[in-house]
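All of the numbers you see were taken from the coordinates with simple rules; none came from a lab. Note that the structure is predicted; figures quoted are calculated from it, not measured. Here the Cβ positions follow ideal geometry from the backbone for every residue, glycine too, while neighbour counts run over all protein chains shown.
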Amino acid sequence: MTTLPPRARPTMSDVAAAAGVSLKTVSRVVNGTESVSALKLQRVQSAIDELGFRRNEFARQLRQGTTATIGLVLEDVADPFYASLTRAVEEVALERNHMLLASSSTEDPVRARRLIESLGSRGIDGLIVTPSTGIDADFLRAEAAAGSTMVFVDRPVSGVDVDTVLADNAGGARLGTEVLIDEGHRRIAFFGDEDVVYTASERRAGYGAALAGARLPLDPELVVMHSPEASTANEHLARMLALPDPPTAIVSGNNRWSITLLRALREMSTVIAFVGFDDFELADVLNPGITVIAQNPTAMGRLAAEMLFRRIDGDTSPPQKIQLGVTLIRRGSEKIPAPYRSSS
């Protein structure tokens, strides 16, 4: 089998020779910097089409002092919430003729710092970050002071004054808990990520505020705060359901906890009222459908990207912190009644 040598990519010089015009004329056509006659334009365009010429974007960007690239550092690009957010950022980037480099920090502050440093060393024009819990605020402040254009999304960092896009985490969790209280539930469990995670602590606070508003006690036995794992979910549910006064409803602090808990409940053949924070795939086809407090990751991603490009374009106004609302989607799981218990 004969291996053919790789074909060299056609250059502007090749186009100029094929069109019978000067290299400067080809440059004017390709870059649109100056007008050329209709005849020369047609000859150059025909040569471009015939040769399959494409402009060397990298070289052009170097001349202009830009990489036409932005970066995105998230907890996990595979998570459905972050996947939707990433797609929205990508759409805005493409509208601005920019490419997007996206990476997962896996909630590791050391890894997050390495990713931010690596992207910065590539000369990207700006960066959108979901800050990992525990990331060094001094490092982020130094990056911003050194000229890095940065926007935070989903979480803020105390003491780092950059544009930030958040969801109403506390208000959403309060609303979800109030829905269950309105349905007659008085013993409501809460499952969330570790308290050190900004979104988890905000949602736990919203849950507590709803109980306080209804003059219901917050029982620590009904609160679990760590990353979701199937084995521990089963253990916690079994422990709670064995209490003298077990929970009759659950508020899940994120979509990963929702999926883990629903699987555990199915394995235990247990039915309990349920409201989840974050929508998730197939939540609407379960029986009953799962009622959720839905964020809008698409809106969050688009807004963060638009804010970033305004800064890239030279906006020097004071940083903004924008909090987007959430939406209650009722599907029926909140209406599972609490089992009757005699007061004797």
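Computed quantities for the displayed model
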read-out: Quotient of Cα Rg and 2.2 N^0.38 Å for region 118-227, N being how many residues it contains; value: 1.37
read-out: Rounded, prolate or oblate (a/c below 1.5 giving rounded, otherwise prolate when a/b exceeds b/c) for region 76-158 by Cα gyration tensor; value: oblate
read-out: Dipole in debye (nearest 20) - the chain, about Cα centre, beta carbon charges: Lys, Arg +1; Asp, Glu -1; value: 1020 debye
read-out: The chain: DSSP helices with Cα axial extent of at least 15 Å and average Kyte-Doolittle hydropathy no lower than 0.0; value: 38-51, 80-95, 169-182, 297-312
read-out: Likely footprinting exposure, Leu39, Leu85, Leu166, fewest C-beta neighbours within 10 Å first; value: Leu39, Leu166, Leu85
read-out: 5 angstrom amide H check on Phe277, placed H, neighbours 5+ away; value: Ser252, Gly253, Asn254, Ile293
read-out: Mean residue ellipticity (222 nm) of the chain, computed from DSSP H runs ≥ 4 via -39,500 (n - 2.57), nearest 500; value: -13500 deg cm²/dmol
read-out: Ile128 long-range amide H proximity, modeled H, under 5 Å; value: Gly71, Leu72, Val73, Val151
read-out: Peptide ranges 129-136, 177-184, 248-255 listed from the most packed, as the mean C-beta count within 10 angstrom indicates; value: 248-255, 129-136, 177-184
read-out: Net +/- balance of residues flanking Thr149 in space, Cβ distance below 12 Å, scoring K and R +1, D and E -1; value: -3
read-out: Average projection area in nm² (convex hull over Cα atoms of region 12-55, one quarter of hull surface); value: 2.5 nm²
read-out: Cut-off under 5 Å, modelled amide H: who pairs with Leu166 long-range; value: Asp154, Ile322, Gln323, Leu324
read-out: Neighbour-limited loop hits for GluC sites (Glu not before Pro), region 207-299 (at most 14 other Cβ within 10 Å; DSSP other than H, G, I, E, B); value: Glu229, Glu281
read-out: Projected label distance in nm at Glu229 and Arg263, using a 7 Å step from Cα toward the beta-carbon; value: 1.4 nm
read-out: Residue order, fewest to most beta carbons within 10 Å, for Arg186, Arg155; value: Arg186, Arg155
read-out: Antiparallel DSSP beta bridges within the chain, as percent of all bridges there, nearest 5; value: 10 percent
read-out: Identified option (computed Kirkwood radius over Cα pairs in Å; candidates [x] 23.4; [y] 24.4; [z] 21.1); value: [x]
